[in-house]
1. Being in a loop (DSSP other than H, G, I, E, B) and out of contact with any helix residue (DSSP H, G or I) (no Cβ under 8 Å at 6 or more places or on another chain) is the filter; apply it to the stretch 15-25 and report the residue that is surrounded by the fewest Cβ atoms within 10 Å (Cβ to Cβ).
2. All but one of (1) among the aromatic types (F, W, Y); (2) modelled with pLDDT under 90; (3) not in a helix (DSSP H, G or I) hold for F28; state the number of the condition that does not hold.
3. Scan the stretch 26-49 for residues that are surrounded by fewer than 19 Cβ atoms within 10 Å (Cβ to Cβ), within 12 Å of the chain's Cα centre (by Cα) and more than 18 Å from K73 (Cβ to Cβ) and jot them down.
4. Is it true that E52 is crowded, with 17+ Cβ neighbours inside 10 Å, over 17 Å from K81 (Cβ atoms) and of a type outside the set (F, W, Y)?
5. Can F7 be described as crowded, with 18+ Cβ neighbours inside 10 Å, at pLDDT below 90 and either assigned to a loop (DSSP other than H, G, I, E, B) or of a type in the set (F, W, Y) (or both)?
Amino acid sequence: MVKSTMFPEEQVREVAKSAGYVDTARTFTIHKLLLFFGQSSLQQWKGFRDGEHRASGCGLEAAGHSTISKKAKAVQYKLFKMLFEQMLGTCSRPSSENSTFPSPC
């Protein structure tokens with residue numbers, strides 16, 4: 001499972017704020033969408049419908065495919081690019097050698 005320690009929720013909120021995005025969701029936040037995307041990449045899910053059924057088995061909060069789709073449409077690509085660049089910046093060679101990548105569920 002993609003661990004939320006890789007992308008702390010507070011860090012995601014700060015980056016969203018700096019990108020000018022206000023997350024008004026109470027349940028399915030940008031942070032949860034990011035974790036969903038990470039897990040779907042690791043497991044090569046076929047789409048939002050596939051992920052809807054497999055997410056809860058991997059420790060992610062259950063959400064309907066339409067909720068996931070609407071959130072993905074609302075969040076700017078720029079926001080995820082900023083998060084990815086920030087993650088790469090924190091992964092120096094010594095820390096990446098000692099880190100363990102999550103295994104698929």
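The values are calculated or read from the model by the stated rules, or taken from the named source; none is laboratory data. From a predicted model like this one, the values you see are computed outputs, not experimental measurements. Ideal geometry is used to build each Cβ from the backbone, glycine not excepted, and the neighbour counts take in all protein chains shown.
1. Of everything passing the filter in the stretch 15-25, T24 is surrounded by the fewest Cβ atoms within 10 Å (Cβ to Cβ).
2. Every condition holds for F28 apart from (2).
3. Those that are surrounded by fewer than 19 Cβ atoms within 10 Å (Cβ to Cβ), within 12 Å of the chain's Cα centre (by Cα) and more than 18 Å from K73 (Cβ to Cβ): G38, S41, L42.
4. Here the answer is yes, as E52 does meet what is asked.
5. Here the answer is yes, as F7 does meet what is asked.
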